[in-house]
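Structure first, commentary second.
Rule-based calculations on the coordinates, nothing more; no lab input. Every value quoted in this text rests on a predicted model; they were computed, and no experiment measured them. FYI the Cβ positions are ideal-geometry reconstructions off the backbone, even for glycines, and counts take in every protein chain you see.
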Amino acid sequence: MEANPSSQYLSFDRVAEQYDATRFLPESVREAVVEQILSAASLAPGHWLVDAGVGTGRFALPIARRGVNVLGLDVSRNMMRQLLRKTPPANLYLAQADLRSLPVRSRSISAVLVAHVLHLIAGWREVLQECRRVLRQEGVLFLLYESGKRFPAREYYVQLAGERGLLRPALGVQSADEALEYVRETGGAVSLIEHPSLRWQARRTHQEVLQELEKRTYSQLWDIPDEAHRELMERTLRYVREQFGSEEETYTAEAEVRLYAVRF
Ligand SMILES: C[S@@+](CC[C@H](N)C(=O)[O-])C[C@H]1O[C@@H](n2cnc3c(N)ncnc32)[C@H](O)[C@@H]1O
């Protein structure tokens, strides 16, 4: 790895302990994602899936529990340590690796999952090329994005931070569309897997959202100086009280997993 990898990608080492609490996905949706992946790639026990940027194993764990062999790769040891605390089954293997060069034989893998990773890596095109290289001929690359969850407190804080130029720009791909355009250019056929089970209503109190913001777990927020952060938090709290009466109120936001299957 380079002398200064932080200019090339963002490891999640520093937020590993808070990560799961802020990326909540209902169990039923997680299971639905797994179901769709297994069925779209016709995965059966004994087949191999690479979870590229495995993190704390949100998807790797339930996939491995279905009997599919999973190789989880990540640069962050701390994230993978969190995964290991969840007592993974013996068919879930982990390795520290930079996704720009996968430690995997060409054409040996039935499916690759890339969930919320490409915006963190300057060389995201190399990552996609590597995914393609390791896939068997009939293999499937899954690109997963969570969308929605537009909670007013978060929207407001991020808007204010953006206006002040405090948001950390994405090192990698700027949008899902940009990634999809690239896979199409390189010969991939893309289909969006649509299923009602991939949509849900996310409910949180404003207070819960404020507590998440407080920790600045989202990588966009990592560079916000403490003083500016305190002021933004105060303004956001005022905004919530003015708009909704109290931070104890629950807000419901539409949420969705967008799961794309790519075949080369
Ligand atoms: C937002 S998390 C997503 C984790 C998991 N896929 C999920 O959906 O919960 C992104 C992960 O990508 C990892 N990552 C960032 N750059 C990487 C790279 N160049 N190679 C491998 N992993 C990387 C981070 O350490 C982090 O664990």
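A few notes on this one:
- Pairs of alpha carbons in the range 5-263 separated by more than 31 Å make up 26% of all such pairs.
- The protection proxy used here, the mean number of other Cβ atoms lying within 10 Å of each residue, ranks peptides 216-225, 128-137 as follows, highest first: 128-137, 216-225.
- Taking E181, E254, E163 in turn, the Gaussian network model of the chain (Cα-Cα springs below 10 Å) assigns the largest fluctuation to E163.
- Largest GNM mean-square fluctuation across G245, G46, G55, computed for the chain with C-alpha springs under 10 Å, falls on G245.
- Ascending count of other beta-carbon atoms within 10 Å, so fewest first, for L113, L192: L192, L113
- Near T205, the amide H atoms lying under 5 Å from its own belong to Y251; only residues 5 or more places off or on other chains count, and H is placed 1.01 Å from N.
- Around the amide H of G67, modelled in the peptide plane, lies no amide H under 5 Å away from a residue 5 or more places distant or on another chain.
- Gyration tensor verdict on the range 2-112 (Cα atoms; rounded if a/c is under 1.5, prolate if a/b is larger than b/c, oblate otherwise): oblate
- Cα centroid separation - the range 56-73 against the range 139-162, whole Å: 24 Å
- Ranked list, fewest to most other Cβ atoms within 10 Å of each Cβ, for M233, M80: M233, M80
- Leading residue at positive end of dipole, the range 1-117 (Cβ point charges), from F12, P62, L92: L92
- Ranking of T186, T87 by count of other Cβ atoms within 10 Å, fewest first: T87, T186
- Mean Kyte hydropathy of -1.0 or more with a Cα span along the axis of at least 15 Å, helices from DSSP in the chain: 27-40, 124-134, 152-163
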